[in-house]
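Asks: Just dropping this structure here.
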Amino acid sequence: MSYFVNDIYWEYRFSLGDANFVFFSNINSVGEAPHKGLLHSHKLYELFHVLQGDMTLVADSERTIINRGDTVIIAPGTTHTTNIHPAAKRFCMIFTVEKNPAVQDSNYYDSFQKILEGDIIWLDSQLLTPCFERCAQYVKSEYPEKDELITACLHEIMALIKATNSHGENHPQINTFSDTDSSRTYLIDHYFTHSFQHGSLTELSELLHLSSQQTQRIIKKMYGQSFSERLTMMKMELAKTLLQDTNLLVTEIAEKCGYTGPNGFFVAFKKYFGKTPNKLKRKANRTV
């Protein structure tokens with residue numbers, strides 16, 4: 001079953017034996033433009049496949065080139081980012097897996113828990129490539145049955161992952177990273193990653209169909225920060241990256257971080273880092 005919610009993301013549900021999967025996708029699930037992401041982590045698994053060209057994966061301070069045909073799963077809690085190179089294209093979705101206690105005599109859930117051990121899971125199966133290519137086509141199509149087609153592809157992908165990466169039948173039980181309210185967690189995480197430049201608590205609360213107080217409590221539980229603290233952190237980390245890695249003027253960086261003028265940006269930056277943007281930029285230039 002799959003359905004469209006709030007013009008923001010799609011949710012796809014299916015089962016393999018006693019393993020229940022929920023996949024989430026936003027409108028950018030098939031990325032085609034060059035993109036340099038920010039370091040982040042989330043409570044769900046992230047699955048991506050390089051359809052064309054190559055990408056850079058940054059995880060635990062290590063950079064790795066991901067080539068066409070490679071499939072990678074990033075575990076919950078792993079700090080990472082992916083940089084999409086020019087002419088590259090990737091398919092990306094977020095998912096959870098939970099055990100269905102009503103299904104007996106099935107080892108799918110235990111098998112997947114074993115397969116998904118580790119921070120970064122590399123999947124070496126050429127059989128996955130045509131599945132991802134078809135799924136990417138369905139995502140961008142206007143077929144009336146596109147949801148059913150996408151769900152069928154995801155079902156096939158996870159069945160192939162299990163078939164080609166299983167390590168035996170008797171696996172010890174390990175901790176599950178499933179989230180009881182994974183759709184809400186995904187929306188909040190996605191909002192802070194992609195909409196922080198001009199984000200507002202009211203907008204996010206309306207997206208979640210919650211009050212501002214309820215949204216604040218969830219954010220505090222997720223990040224240990226208030227909405228404004230999380231928003232400021234995202235803006236400042238982007239500013240730091242742009243100051244160190246680009247030749248943009250400070251006024252241009254302030255605009256890219258969501259500030260309407262340089263004064264507010266200078267004040268926020270000095271309060272957050274204890275130094276002005278110009279000092280950080282000069283220090284970065286001296287170390288080049």
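Asks: Being within 27 Å of ARG184 (Cα to Cα), under 20 Å from the mean Cα position of the chain (by Cα) and surrounded by 14 or more Cβ atoms within 10 Å (Cβ to Cβ), is that true of even one residue in the stretch 237-253?
Replies: Yes: one or more hits.
Asks: Then there is this: Given the criteria part of a strand (DSSP E or B), of a type in the set (Ser, Thr, Tyr) and at pLDDT 85 or above, does THR78 qualify?
Replies: no
Asks: Looking at the stretch 229-252, is at least one residue of a type in the set (Lys, Arg) and within 30 Å of VAL22 (Cβ to Cβ)?
Replies: So far as the stretch 229-252 goes, yes, one or more of its residues are of a type in the set (Lys, Arg) and within 30 Å of VAL22 (Cβ to Cβ).
Asks: Counting only residues that are assigned to a strand (DSSP E or B) and under 11 Å from the mean Cα position of the chain (by Cα), which one in the stretch 65-75 is surrounded by the fewest Cβ atoms within 10 Å (Cβ to Cβ)?
Replies: The selected residue is ILE73.
Asks: Quick one: in the stretch 264-288, of everything that is exposed (fewer than 11 other Cβ atoms within 10 Å of the Cβ) and modelled with pLDDT of 90 or more, which residue is nearest to PHE192 (Cα to Cα)?
Replies: LYS271
To keep it simple, each residue is scored yes or no on (1) without any contact (Cβ under 8 Å) to a residue 24 or more places away in the chain; (2) farther than 25 Å from LYS221 by Cβ.
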residue: SER41; (1), (2): no, no
residue: LEU44; (1), (2): no, no
residue: ILE65; (1), (2): yes, yes
residue: ARG68; (1), (2): yes, yes
residue: ALA75; (1), (2): no, no
residue: THR79; (1), (2): no, no
residue: ASN83; (1), (2): no, yes
residue: PHE91; (1), (2): no, yes
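Asks: Restricting attention to the stretch 51-64, and to residues there that are out of contact with any His (no Cβ under 9 Å at 6 or more places or on another chain) and within 17 Å of LEU39 (Cα to Cα), which single residue is surrounded by the most Cβ atoms within 10 Å (Cβ to Cβ)?
Replies: Step by step, filter the stretch 51-64, then rank; the result is THR64.
Asks: Here are GLY274, GLY258, GLY264: which of them is outside the structural domain of SER41 (by TED's automatic domain parsing), in contact (Cβ under 8 Å) with a residue 60 or more places away in the chain and more than 25 Å from GLY77 (Cα to Cα)?
Replies: None of the other options fit; the residue is GLY258.
Asks: Something else about it: For the stretch 247-269, does any single residue satisfy the condition of being under 21 Å from SER41 (Cβ atoms) and of a type in the set (Gly, Ala, Ser)?
Replies: Looking for residues that are under 21 Å from SER41 (Cβ atoms) and of a type in the set (Gly, Ala, Ser), one finds none in the stretch 247-269, hence no.
Asks: Has the stretch 160-180 got at least one residue that is touching a Ser or Thr at 6+ places or on another chain (Cβ under 9 Å), of a type outside the set (A, V, I, L, M, F, W, C), in a helix (DSSP H, G or I) and modelled with pLDDT under 75?
Replies: No, there is no match, as no residue in the stretch 160-180 is touching a Ser or Thr at 6+ places or on another chain (Cβ under 9 Å), of a type outside the set (A, V, I, L, M, F, W, C), in a helix (DSSP H, G or I) and modelled with pLDDT under 75.
The values are calculated or read from the model by the stated rules, or taken from the named source; none is laboratory data. None of the values given here were measured: they were computed from a predicted structure. FYI the Cβ positions are ideal-geometry reconstructions off the backbone, even for glycines, and counts take in every protein chain you see.
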